[in-house]
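Below is one structure; the comments refer to it alone.
Please treat every number below as a calculation from the coordinates, not as lab data. Remember, it's a predicted structure, so these values are computed and weren't measured experimentally. Methodologically, a virtual Cβ is constructed for each residue, glycine included, from the backbone with ideal geometry; neighbour enumeration extends over all protein chains shown.
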Amino acid sequence: MLKKTKVFFTQVKEELKKVNWTKRDELFASTSVVVITVIILGIYIGLVDLVVTRLIEFVLR
């Protein structure tokens with residue numbers, strides 16, 4: 001059991017060396033795009049919700 005665990009972690013270490021890690025500026029740019037997209041979609045969905053709510057209230061009165 002101990003030998004298998006050691007082999008596993010050795011293989012994990014070798015695989016992690018093959019990973020292509022993202023550079024800091026690429027990570028920042030990608031994160032910025034995601035945050036801006038979420039903000040824009042949040043505003044859009046909020047406005048659509050407001051308009052639909054007002055329309056339903058108008059129709060029900």
Residue list for region 33-61, filter: exposed (fewer than 10 other Cβ atoms within 10 Å of the Cβ) and acidic (D, E): E57
Of all the residues that make up region 21-32, how many are in a helix (DSSP H, G or I), surrounded by 10 or more Cβ atoms within 10 Å (Cβ to Cβ) and not acidic (D, E)? 6
